[in-house]
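J.: Input: one structure, supplied below.
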Amino acid sequence: MKVLLDAYWWVEGQPSGRRVVDSLLRTWLTDWPEDELVAAVPARHVPHVRDLAGDPALTVVPVRLTPHGVSVMVEMGRLGGGADVVLSQNFTPLRSSALRATFIHDLMFVERPEFFGRLERLYFAGMPWSARLADVVLTSTAAEAGRIARVRPRLAGRVRPVGLTVPESFREARAVDPQVGVVPRQFVLCVGRLNVRKNLDRLVDALVTDGVVRPDFPLVVVGEPDGVTVRGLERGDPRVRFVGAVDDAGLRWLYEQCRVFVFPSLDEGFGLPVLEAALCGAPMALSDIPAFRELAPGAAFFEPTDEASIARVVGEVVRGPRGDRPVAIPAWSDVVGLIRSAILDALAARA
């Protein structure tokens, strides 16, 4: 089977997105060497990607249009000549003789437009609009598959949850203290891109007001700002430490040494930090949203819009050990296997 794979974000974009593309491609090359993989990347990154891949079995082809959605919709179909399938992210090629498989991370912007700017919503509208041309739509969780079917009923019969998992670079990393000034077991940890839906304001208000965090027992926030500010928090307040981006080794140390990992997001289609925390054995207090219930059913859950609920549940986990049920963390071989099976089923239905 010849697969043209959308690897636009292999080199640029969010770190988690880059690592996911890297893990998916490397696993596919290793586990199914009989398949012919072609990675489509921005032309400026072709030499770097060839060095990064280091595998002669992988063919790299350039795309030249921006942004990513335009490139997929316009270029990927043309590049897919001779391929059996075009596997793209979020957007679907408008013309292609190959089978079109599209991994949609989420359609949150349809249900929760308040989390996105006008230009973002306009750009994202191309995702469900082009998905009508997909032969199969893949996504990470049953919760997100349900949302896709709910907001775009015509896609309901084509949606397959196939999962995602922890990048191999994180799984293989050795924990190293990132030197952010915290003592093992004496801090609360929050990880993720800092935008409005991550609900950081409420988390900080809840934990500071209730005295759950103190100068000697701070909230440590890992992630890059994404247009978010925290109201009512003075710069340098020792109860909340913003440490920015942390490498895999440092992040593993923080997960392993925190008293509790907290993810207060208002909505998610997946939640990679949940699986990272689970892999490292961190106790978890999570928003009571469908994706988190699916990923970590044994965690402690709070109502993310209720500061009293956040403070109570996080405080309970801080004060006493919990016997959280183990979280199922799939291997990349499992994820790629499900993606490949969905594609083969769609190819068989086409025949």
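The values are calculated or read from the model by the stated rules, or taken from the named source; none is laboratory data. Values in this document were obtained by computation on a predicted structure and should not be read as measured data. Glycine also receives a Cβ, built like all others from the backbone with ideal geometry; neighbour counts cover every protein chain displayed.
J.: Can you tell me which residue among V3, V20, V70 is modelled with pLDDT of 95 or more, surrounded by 21 or more Cβ atoms within 10 Å (Cβ to Cβ) and outside any loop (DSSP other than H, G, I, E, B)?
T.: Result of the check over V3, V20, V70: V3.
J.: Just for helices (runs of 4 or more DSSP H) wholly inside region 242-351: which have at least 2 residues that are polar (S, T, N, Q) and either within 24 Å of R174 (Cβ to Cβ) or out of contact with any Pro (no Cβ under 7 Å at 6 or more places or on another chain) (or both)?
T.: On the way: elements: 248-257, 272-279, 290-295, 307-319, 332-350.
So the answer is 332-350.
J.: Counting just the residues of region 44-65 that are in contact with a Pro (Cβ under 8 Å, 6 or more places away or on another chain) and without any contact (Cβ under 8 Å) to a residue 24 or more places away in the chain, which one comes out surrounded by the most Cβ atoms within 10 Å (Cβ to Cβ)?
T.: Taking the candidates together, the pick is V46.
J.: Within region 243-280, track down each residue that is without any contact (Cβ under 8 Å) to a residue 60 or more places away in the chain and surrounded by fewer than 19 Cβ atoms within 10 Å (Cβ to Cβ).
T.: Once the filter is applied, which keeps residues that are without any contact (Cβ under 8 Å) to a residue 60 or more places away in the chain and surrounded by fewer than 19 Cβ atoms within 10 Å (Cβ to Cβ), region 243-280 yields only G244.
J.: Would you mind telling me which numbered condition in (1) surrounded by 21 or more Cβ atoms within 10 Å (Cβ to Cβ); (2) within 19 Å of D267 (Cβ to Cβ) R193 fails?
T.: Condition not satisfied by R193: (1).
Yes/no matrix, rows are residues, columns are (1) more than 23 Å from P290 (Cα to Cα); (2) among the hydrophobic types (A, V, I, L, M, F, W, C); (3) not assigned by TED's automatic domain parsing to the domain that holds F270:
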| position | (1), (2), (3) |
| --- | --- |
| V110 | no, yes, yes |
| P113 | no, no, yes |
| Y123 | yes, no, yes |
| M127 | no, yes, yes |
| R132 | yes, no, yes |
| D135 | yes, no, yes |
| T139 | no, no, yes |
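J.: Has region 189-210 got any residue that is in contact with a strand residue (DSSP E or B) (Cβ under 7 Å, 6 or more places away or on another chain) and among the charged types (D, E, K, R)?
T.: No, the conditions are met nowhere in region 189-210.
J.: Further question: Looking at region 37-60, is at least one residue outside any strand (DSSP E or B), at pLDDT below 95 and under 19 Å from R340 (Cα atoms)?
T.: Checking region 37-60: at least one residue is outside any strand (DSSP E or B), at pLDDT below 95 and under 19 Å from R340 (Cα atoms).
J.: The conditions are (1) in a helix (DSSP H, G or I); (2) under 17 Å from H105 (Cβ atoms), and Y8 fails exactly one of them. Which is it?
T.: Failed condition: (1).
J.: I'd like to know if region 28-36 contains one or more residues that are at pLDDT 95 or above and part of a strand (DSSP E or B).
T.: yes
J.: For region 277-293, give me the residue count where each residue is more than 10 Å from V191 (Cα to Cα) and under 17 Å from the mean Cα position of the chain (by Cα).
T.: 9
J.: If you scan region 290-328, which residues turn out to be among the β-branched types (V, I, T) and free of Cβ contacts under 8 Å to residues at least 40 places away in the same chain?
T.: The answer is V313, and nothing else.
J.: Residue check: is E36 surrounded by 15 or more Cβ atoms within 10 Å (Cβ to Cβ), within 18 Å of M76 (Cβ to Cβ) and charged (D, E, K, R)?
T.: The answer is yes for E36.
J.: Can you pull out every residue in region 196-221 that is surrounded by 16 or more Cβ atoms within 10 Å (Cβ to Cβ), within 19 Å of S309 (Cβ to Cβ) and free of Cβ contacts under 8 Å to residues at least 60 places away in the same chain?
T.: Selection gives D201, V204, V208, V213, L219.
J.: Out of all the residues in region 10-24, which are at negative phi, without any contact (Cβ under 8 Å) to a residue 24 or more places away in the chain and not aliphatic (A, V, I, L, M)?
T.: Scanning region 10-24 gives G17, R18.
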